[in-house]
Amino acid sequence: MASTGGNAVQEGPPEPQPALDAYLRAARSRHLAELCELIAIPSVGALPEHGPDMARAAAWIAARLDAIGCPEAAVCPTAGHPAVIGRWPAPPGAPTVLVYAHYDVQPADPLELWTTPPFAPEVRGGRLYGRGASDDKGNLLLPLRAIEALTSVEGGLPVGVTFLCEGEEEIGSPSLPALLSVQRERLRADVALSADGIMWSSELPSLLVGSKGLLALDVQVRCAAGDLHSGLHGGMAPNAAVALAHVLARLVAADGEILVEGFADDARPLSDAERAEVARAPFDARAYAAGIGASALVGEPGYTPLERNWHRPTLDVNGIWGGFQGEGAKTVIPAGAGAKITCRLACGQDPDRVAAAIERHVQASLPPGAEAEVVRQAGGSPAFEIDPGHPVLAAARGALRASYGFDPLLMRMGGTLPIAELLQRELGLDVVLLSWSMPDEGLHAPDEFVRLENLDRGARVYADLLHRLAAAGAASHPEAQG
Ligand SMILES: [Zn+2]
């Protein structure tokens, strides 16, 4: 499907699907039990002692794919934790959808802050509690529930589906680029959906259409060959901690304005439509500030806080070191000091160019007697966004509109989604993130939960969406156009 010509996409309400709804209702408690089974496997990718659990979780998912009739399901070893790939070939003329998810979870500590143990899932008040309930095990099973229902009720799928589930998302997906490259043929698809993501709220459904890039740097300032006595050398020797403070104060102003020359030059300007979409999000800056315990918000002038978070590049100092850090006093003039800096990049920005601009600015800001080295950290990436006219976006909007009765919010995140950039780079696929994780569900924190009503809705929306993608694909596929 081309990324233009989305006018053939079904915009209206879905065909009533009483048989599908009945199937999902009947399977509801079994589906919940299955999710509990998966959550009970402590697939904490970051902790070496959970290696066997990673293999168990991957095998569990492959077995689930088998159970719902996947003709080609396999655990795929990687240099790290295994991935799982399942494929349903496309009916003639229909597109193939790649669905991404991850089965690994964050460590559960601090354990004492959990009401019930993290790997003993429990339902309380319409919510299922457990590590991974929301991120991402609850969501990863939604497309599989939809596929199971569609194949049972309709005898097959309207589109081809390639399900890709990795086990290293929470540790930065180190093996995924190689896996995508090696499995490129098996993973060939026309569009991609990610069942890992975030939704604005239960009341306001959303689709994630963009995320920021990331750039990480260390700034190291040096003023002398070694630390010096502040009495013997005071008033003469340059102080690296003071020099670093000067450098940092010249990167960002007190009000949050970024002072690095050329920093935001390549950032794509916000359109009026994008500003209007940001304004649709019910974001209360005052309540937000109170919520984080801050007395004021800072950032680039001329933009609302949420415009800055979604669209504008940011620069943060993540840590500072240098000199004496212990109890009491020590009369030292530090010879070296350093800071860690990360930038969240906007669309249009090239991490290399931004890094070069920061390095130039640091060098130009150094006080006399100080030298600086700016070291780029590995793992940076450019920002991601999907074409607003992309057919998969139109289909997902249609499916959410049909379910909720109004247009979903097209939201962005200030964070970074390497998977989106990776799928684009390695497989040429634009991804729409469709997940029912809500920001208040304790992702990566104690008492993580998922709302059961959202899982019910999510499975139905995925089923409707696969039909819409079939309709859109049939309209834009070359064979179908004859
Ligand atoms: Zn996740």
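The values are calculated or read from the model by the stated rules, or taken from the named source; none is laboratory data. None of the values given here were measured: they were computed from a predicted structure. FYI the Cβ positions are ideal-geometry reconstructions off the backbone, even for glycines, and counts take in every protein chain you see. Heavy atoms of the whole protein, side chains included, go into the accessibility calculation; ligands, DNA and RNA do not. Shrake-Rupley method; radii C 1.70, N 1.55, O 1.52, S 1.80 Å.
Side notes on the structure shown:
- Inter-probe distance in nm under a simple model that places probes 7 Å from Cα toward Cβ, at Val375 and Ser271: 4.3
- Around Pro334: net Lys/Arg minus Asp/Glu count, Cβ-Cβ under 12 Å: +1
- Qualifying chymotrypsin sites (Phe, Trp or Tyr not before Pro) for region 358-409 [loop in DSSP, other Cβ within 10 Å: at most 12]: Phe406
- Label-to-label distance, Arg250 versus Thr331, with points set 7 angstrom from Cα along the beta-carbon direction: 3.1 nm.
- Only Lys, Arg (+1) and Asp, Glu (-1) charged, at Cβ; the chain dipole about Cα centre in debye: 180
- Shown is the FRET efficiency for Glu112 and Phe406, computed with R0 = 30 Å from the Cβ-Cβ distance and rounded to the nearest 0.05: 0.10.
- The loop-placed GluC sites (Glu not before Pro) in region 293-361, going by DSSP, that have at most 12 neighbouring Cβ atoms within 10 Å of their Cβ come out as Glu327.
- Size of electric dipole in region 230-351: Cβ of Lys, Arg +1 and of Asp, Glu -1, about Cα centre, debye, nearest 20: 380
- Selection from Trp321, Ser211, Ala357, by position along the positive dipole direction of the chain (Cβ): Ser211
- The Cβ shell under 10 Å around Leu144 holds other residues with a net charge of 0, Lys and Arg each +1, Asp and Glu each -1.
- Once exposed loop trypsin sites (Lys or Arg not before Pro) are cut out (DSSP; at most 16 other Cβ, 10 Å), longest piece of the chain: 1-183
- Charges were assigned to the Cβ only: +1 to each Lys and Arg, -1 to each Asp and Glu. The resulting dipole of region 325-479 about its Cα centre is roughly 220 debye.
- Computed over protein heavy atoms with a 1.4 Å probe, the accessible surface of the chain works out to 42 Å² per residue.
- Percent carbon-and-sulfur accessible area, the chain, ignoring ligands, DNA and RNA, probe 1.4 Å: 54
- Between the amide H of Trp200 and those of Ser206, distances stay under 5 Å, these residues lying 5 or more places away or on another chain, with hydrogens modeled in the peptide plane.
- Treating r as the C-beta distance of Arg360 and Asp387 and R0 as 25 Å, the FRET efficiency rounds to 0.15.
- Structure-based [θ]222 nm, the chain - -39500 (n - 2.57) summed over DSSP H runs of at least 4, per residue, nearest 500: -11000 deg cm²/dmol
- Rounded to 0.05, the FRET efficiency of the Ser202 and Val182 pair, given R0 = 35 Å and the Cβ-Cβ distance, is 0.35.
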